[in-house]
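Following: one structure in C-alpha cells, then a few remarks.
The values are calculated or read from the model by the stated rules, or taken from the named source; none is laboratory data. Keep in mind that this is a model prediction, so the values were computed, not measured. Positions of Cβ are generated from backbone atoms using ideal geometry, with glycine treated the same way; all protein chains shown enter the neighbour counts.
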C-alpha cells in the first residue's frame, strides 16, 4: 500500500530523531565500556559517557555524511560504476587510475589549466586583497562602506545575475572593461603601450600553458610571430582560448573579499608602537609597509596562501558560470574539479569520477605539505 | 590509549563502509514484477519537465491531468518543473538512487546515454498496443534505444538557415562551400576602432567560434557523411569529415580573419541576431543565422518580410552525395526503468500525445508537433512554420543515435577549439577526434 507522502515525511523525521537518540546513547555506552576496560575511575567513566553521548550527533553525522560517502567514493574508484548503465559496479582494480595517469589528455590539460589559475591567479588575488586591505586600513570617512563594498562579492557569489553581468562586462566590443581600456589608451598613449604589453605577455604565458597541455607549441610560435599587438588591440576575455583563463582569474580577484578581511585583521594586530618608532626614525610609507607591516603579516599571507591554494586547486564555480555552454573555448580553461564534474555528471562515469577525486586529493595534500615545509623560511612568527 | 582505540573504531567503520555492497543502481528485480496497485489505491504519477512555458504547464494541469485522474481513480499526477541548466546532475541523482519521476524530459541525443536506464515501452506504446504511433514523424526514432520505444517525442526543432535578403550582398542562399566562403567575406564588416565585428555574414551555433560540434555535424551530414563506418568505428578520417573541418576554418577566417588578428565578436544584444532593434532601428548584426527557429525573430516581427528559410545545401560541387539538410532536434518524454507505474505512465503519454493534445502542447510554444497529423492550424496558418515543417519533413536528419554523445561533444569541442586558434590543422583536428572518440567508445 502506498503511504500518504506527508505521513512518510513525518515518519522519516521521527525515525531520524529516534536514530540520533539511539546512536548517541549507544556511542556513549561504547565509550564508557572502553573507559572501563582501560581501568578508568567510575567518575571518569560517567564523564566519558556524557561527553561522547553529547558529541554523538555530530560524530554520527560525520560518519554517515562524510566517512561513508568517502568510503563509497574510494570503493567506486576501483569500479566501472556508471549511473546510466543500470548495472551494478564491477571491480576493475587500478584501471581507472591507470587510464587517468597514462591515457587521458583531458585530465592532463585540466591539471595544466589549474596550474595556471594557481600560479597566475592566486598571487594576483593575494596582491589585490593585500592592496585593498592596506587602503581600507586608513582612517578615512566611509571606510566601512568601502569594506562592505569589497566584501559584497563574497556574499553575492556566482549567481545567474552575476554571470550575466560579467559576460556583458567582458564583451570584447562593447563590454565596459574594454571600453575603459580603450578610453584610457586613447587619452593617455603610455597606457596604450602598457595595455598592449600586458596583452602580449599574457598571451605568451597563456599560449605556453596551452602548449604544455597539448604538447604542441604552435600557438606560442604564432603569438610570438604576430609580435607586439596593434594599437586597437584589447583583451579578448571570453572569446579566445588565450584569454579564457584570465577571465576566470578576474572573477577570482573580484571575490577576494575574504582574503582582504584576513589581511585587515592582521594589519590591526600590528602594534602601533612599532610604526611610531619607525616614524621617529624617519621612515616613509613605503618603508613602513615593507619593513614593518609586511613581515608581520606573513602568517596571514601564509594562511591566505594555503586556503587560496586549496580553493584554486578545487576551483569550479567561476568556470562553470562563465563557460557552462560547452563551447569550443571550454577545454582551454577547465580545471581539475570541472573535469571531475564532467566525468561524473555529464558522462555519468561515477567510478572514473571517484578516481579523479582521489587523485585531486593527493595533489592537494602534496602541494599543501610542500607549502608547510617551505613556510619556515619566510613566515615571521616573532610577534605571535 | 583511549584516543588510539577511538581512531581504531573510526578506521574500522571506514573499512566496513568501503567494503559494503554498493547501493543498487536499479530497482530490485522483484520491484518490476510486483503487480501494479489496484486502481483504488492512492498512487502519484510523477513527471519531470524541463523549461516549458507557463502556458504549457497550465494547460497540462487544467486539461490533461484532471482528465487522466478522472479516468484513473486514486491516481494523482504531479508535475515538477526543472531547467536545462543543471538537469544532468539532477537526473544522475534519480538514476543513482533508482527512484524519481516516472516520466522524464530528455533531449534528442540522450537516447543512447540514458537508454539502458529507460523502460522498454513497446508493449504499451508499440503499434500493436497503440495504433496512433504510426502518426509520429521521424522524431520517433530519437525516442528509441536498441530499436525499442522508450517514450514519445513532443516536437521537432530543426536547424535552418535564415537569411536577411535585404542585407545580403550576393545571391542567396549560397549552395556550396566556395559560395559560402565568398559570401562570408562579402557580408562581414569589422570596425577598425574597436577591432570587433559589426556585421557577421553567418551566425551558426556559437557565433564566436563558428566551430561548435553541432554545427560541424550538420555540415558533415549535408555532405552525405556518416558518423560511423559499417564496423561501428567513427568516421572522422573520411574525406567528408576533413572537408567539413576545413570549411569550419575557412568560414571562421573569412569572417574573423586569421587568429592573430584577434577580432572581437558581435556585441551581445537583445532579441534575435537577424532582427532589427526597435529603439535604434539598427540591425542586430547577422545576415544569416544557422540555428533553430527559436533563435529567429518572433513570427509577428516585421523583419520576416525580408527573411528566407532554407536548408543547408552541402557542397555538391565537390561531394556528389551532398544533400540539403536541416538537423532535427527534439524534446521527448521517456519512462524511467525504475518506475513502478509504467502502465500508468504509458496511459498518461497516450493522453498527452493525442493528435489534439500534441497540437495544443506545441501551439503554446509555436513549435512543430512531432505527430504529422497534429501539424495543422497554427502550423499551416503561419507561413514561417509551414515552410519550416515542409523543410523538416523533406530534409530532416535526426540529431540522435550518437554513441557517447556527451564525450564526443567534449572531444570535438576541444579539437575544434584548437582549430580556430590555428593550433592544429584540419587534418590534425580530425585525427585527434578520431583517436579520442575510439578510446571513448572502447574500440
Please give the number of the condition residue A:238 fails out of (1) touching a residue at least 60 places away in the same chain (Cβ under 8 Å); (2) away from chain B (no Cβ under 14 Å).
-> (2)
Residues in the stretch A:216-230 that are within 11 Å of chain B (Cβ to nearest Cβ), surrounded by fewer than 17 Cβ atoms within 10 Å (Cβ to Cβ) and either under 28 Å from the mean Cα position of the chain (by Cα) or in a loop (DSSP other than H, G, I, E, B) (or both): how many?
-> 4
Taking helices (runs of 4 or more DSSP H) that do not extend beyond the stretch A:128-215, which have at least 2 residues that are farther than 30 Å from residue B:191 by Cα and within 22 Å of the chain's Cα centre (by Cα)?
-> A:143-156, A:189-214
Could you run through the stretch A:358-371 and say how many residues are in contact (Cβ under 8 Å) with a residue 12 or more places away in the chain and surrounded by fewer than 21 Cβ atoms within 10 Å (Cβ to Cβ)?
-> 7
Residues (more than 19 Å from the chain's Cα centre (by Cα) and under 21 Å from residue B:85 (Cα atoms)) located in the stretch A:341-352 = A:343, A:344, A:345, A:346, A:347, A:348, A:349, A:350
The stretch A:246-263 - residue that is more than 14 Å from the chain's Cα centre (by Cα) and surrounded by 21 or more Cβ atoms within 10 Å (Cβ to Cβ) and, of those, farthest from the other protein chains (Cβ to nearest Cβ) = A:263
Check A:303, A:323, A:338 and return the single one that is at pLDDT 90 or above, under 24 Å from residue A:207 (Cβ atoms) and either under 19 Å from the mean Cα position of the chain (by Cα) or surrounded by fewer than 21 Cβ atoms within 10 Å (Cβ to Cβ) (or both).
-> A:338
Which ones in the stretch B:121-137 are crowded, with 19+ Cβ neighbours inside 10 Å and either over 19 Å from residue B:348 (Cβ atoms) or within 12 Å of chain A (Cβ to nearest Cβ) (or both)?
-> B:137
With a cut-off of at least 1 residues that are facing another protein chain (nearest Cβ under 8 Å), name the helices (runs of 4 or more DSSP H) lying wholly within the stretch A:52-117.
-> A:68-76, A:105-116
If we only count helices (runs of 4 or more DSSP H) wholly inside the stretch B:329-443, which ones have 2 or more residues that are away from chain A (no Cβ under 14 Å) and closer than 23 Å to residue B:147 by Cα?
-> B:342-352, B:383-395
From B:21, B:83, which residue is modelled with pLDDT of 65 or more, farther than 20 Å from residue B:344 by Cβ, within 14 Å of another protein chain (Cβ to nearest Cβ) and loosely packed, with under 12 Cβ neighbours inside 10 Å?
-> B:83
